[in-house]
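All of the numbers you see were taken from the coordinates with simple rules; none came from a lab. All values derive from a computational prediction rather than experimental measurement. We place every Cβ from the backbone using ideal geometry, glycine too, and count neighbours over all the protein chains shown.
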Amino acid sequence: MKKHLLSAGLVLLFSFLSFTTLAFAQDAEIVATLQRLEGPVQVVQAKEKQTVKGRNGLLLKSGDTVVTAKSARATIVFRDGSEIRLFPNTNFLVEAKEQKGGERFFQMNMFMKMGSFWGNFVKQRQTANVGTPTATIGIKGTTMRVTERDSKAKVALTEGLIEVKNDRSSVDVVPGKRLTEFTSTDDVTKKLTDIPYRLDLKTEKKALSFDGGQPEEVFLNVQLVEIKTGSAVTRPGRVYLRSNYDKIKYPTDIDLDKRGFARMSIQVQPPEASDGDLNGNVYVWAVLDMEEADDTSEGRTLIKIPVPEGKERVKVDAKTGSGKQVR
């Protein structure tokens, strides 16, 4: 009898240890990468219980905290393609879990103790929530900004849908709207207003051919404008470029001049077979790379690239909306 009890106990013990080890391994799973750093950035590693210097390519695990110093910036790129740009003096906790199965699915629960970020969250491949001391934000495939300073928050949305809750009320925010500064006890429904400005981004070359398999230089123009009138806004600022195409080299510093204008060039590398999923459509976004920009939407432009040979692409019927694989 004692022998059976001992055996059963050992089975339960090993089962518990196996479950604990598995759960810990899942919690410690690598979920993102640190990229495009500017200035001093630190990462507080949850598993290792140590603080390390941030660097381009540093792998982030669930539970890690990224801290940007004064004048520092950093980009967090998640495994599902979602991207967060952290601005100076930000403390951001990364918590994400990948659910594997027929399709990869991410569940993100992030917390910003203080600071500001701009984020683009991939549609239909994740559920995400961002918490701050002031509010909780439910994200549904979204491009947004969040700021948290001195127990007050600001939120702006340019794509998707979010729900913002504080201790008193909640409100759905749609594209083109923002919540001006609010506390945890303010009525957020009374803080909703329009985003007045946007970055107008244009390309001087709309289609690339990559003759001889060589990279191509593309010049871009960006102008800060008023959304309602389209008139130029004379205000300087920093600009951050991003794309759905990972073979682009960006300039290190982009600044709007006093006219709110900037011209810059990017270097685009030729596509590979794995890039066929883009169907030849490369989008570039221009984002104000600064905290004081919740009044400005990002700009976007399209560059056409050749679809790699041997890669199937999707052709969409304009009338029915259905797609089929073609070569």
(request) Compute the projected area of the convex hull of the Cα atoms of the range 197-304, averaged over all viewing directions, and report it in nm² to one decimal place. (result) 7.1 nm²
(message) I want to check the label-to-label distance for Asp255 and Asn281. Put each point 7 Å from Cα in the C-beta direction and report it in nm to one decimal.
(response) 3.6 nm
(request) Above 21 angstrom, tally the Cα pairs of the range 113-187 and express them as a % of all pairs, no decimals. (result) 17 percent
(message) If R₀ is 41 angstrom, what is the calculated FRET efficiency for the pair Gln50 and Ala232, using the beta carbon separation as r and rounding to 0.05?
(response) 0.25
(request) Grab every C-alpha pair in the range 28-194, bin the distances at 5 angstrom width from 0 up to the longest one, and report whole percents. (result) 2, 9, 19, 22, 20, 15, 9, 4, 1
